[in-house]
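FYI, it's all coordinate maths here, none of it is from the lab. Computed from a predicted structure; not experimentally measured. Note that we place each Cβ from the backbone using ideal geometry, even for glycine, and neighbour counts take in every protein chain shown.
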Amino acid sequence: MRLLSYLHSRTSLFTKVLVANAAIVVLGAIGAALIATHFWHSQEHSPTWEFGLIAVGLAVSLGVNYALLRVAFRPLFTLHATLDKVRRGDFSARVPMVPGDPDIARLTEMANLMLDRLAEHRKAVAAQILRAQEEERKRIARELHDETAQSLTSIVVNLVAVEQLAGASGIDEPLRERLRLTKEVAQRTLDETRRLMMDLRPSVLDDLGLVPALRWFINHRVVPAGLEADLQVSGLSDRLPEELETALFRILQEAITNVVKHANASTVMVRLYRDNGSITGLVVDDGRGFHVVQTVGQPVRDRGLGLFGMQERAALVGGRVVVESAPGRGTTVRVTVPDRIGGDAQ
């Protein structure tokens with residue numbers, strides 16, 4: 001019984017049905033062969049060719065049984081393949097409808113309904129997480145500006161005043177040098193705090209919009225890193241909806257940051273344009289590139305959250321991100337989102 005229970009738990013439904021049908025066919029053939037042998041033995045002549053005919057019939061029966069079961073179980077194989085795609089991260093996969101079988105049709109409908117609900121839930125949760133993330137970024141940036149940056153500014157101003165007083169009072173050179181070094185450390189900390197504030201939530205994005213924010217980011221992060229940067233914009237003279245501007249800025253920011261940190265590139269080209277009811281952003285570099293399929297196929301913990309985050313942000317505004325790259329040939333990141341203003345006007 002334990003052996004049967006083990007085999008039952010380890011064997012697929014297709015294999016069980018195939019083995020059962022094969023057992024019926026084989027037992028029937030053996031029974032027929034025994035009866036025929038007894039009959040032919042009583043007739044006192046050799047049944048060799050009859051056994052060959054039975055063997056051929058048995059092989060044909062098993063082959064037809066296998067083919068019919070493969071056809072009958074194909075919808076289950078398709079369901080398994082679709083769910084495996086979802087497990088690997090393709091949340092757009094759906095089970096194709098199979099006509100002619102009401103049970104399979106109901107199972108397919110239920111599976112697709114479940115996947116649709118799952119996609120809606122993922123989208124809602126991701127939207128809430130990203131909105132909360134942006135609000136938290138704003139809050140931290142405000143606190144850094146109102147508390148930390150102002151305190152550091154006061155420290156720098158006071159150190160400058162103390163340094164001037166020390167020079168006028170004839171204090172020893174080692175003490176003046178210590179004051180100067182302390183002032184430089186405080187100034188660097190203030191500059192780094194301001195940079196962190198702008199990375200968290202650039203005020204220029206809220207005040208002026210996407211294009212000025214991109215120009216500011218390139219001038220303050222790409223050019224100081226020694227890269228030659230080229231930004232070209234077409235058809236975006238008006239402000240976009242806030243969620244669209246935020247999504248595009250974060251996606252392009254992540255792509256540009258990856259170029260600065262990992263691409264070992266000398267130039268980066270950024271394009272942003274409106275065309276046929278959609279807005280497209282491009283980030284192209286001449287860096288070392290990478291294997292896209294291998295990188296995307298890795299677990300999230302190994303490949304990081306950058307590409308995943310870009311795809312999630314694009315999906316939330318109805319867009320998508322495509323990455324093209326190869327070792328030694330640079331990388332192109334393309335994000336395309338629907339133009340809500342353009343779409344409403346059409």
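Numbers below:
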quantity: Ranked Ile256, Ile129, Ile155, Ile104, criterion: other C-beta atoms within 10 Å, fewest first; calculated: Ile129, Ile155, Ile104, Ile256
quantity: Charge tally in the Cβ shell below 14 Å around Leu252, where Lys, Arg are +1 and Asp, Glu are -1, Leu252 excluded; calculated: +1
quantity: Global geometry of segment 124-201, whether rounded, prolate or oblate, following the gyration tensor of its Cα atoms and the 1.5 cut on a/c; calculated: prolate
quantity: Residue order, fewest to most beta carbons within 10 Å, for Met114, Met269; calculated: Met114, Met269
quantity: Cα centroid separation, segment 207-226 to segment 151-199 (Å); calculated: 28 Å
quantity: Glu245, Glu120 arranged by Cβ crowding within 10 Å, fewest neighbours leading; calculated: Glu120, Glu245
quantity: Relative contact order (%) - segment 103-251, alpha-carbon pairs under 8 angstrom, separation at least six; calculated: 23 percent
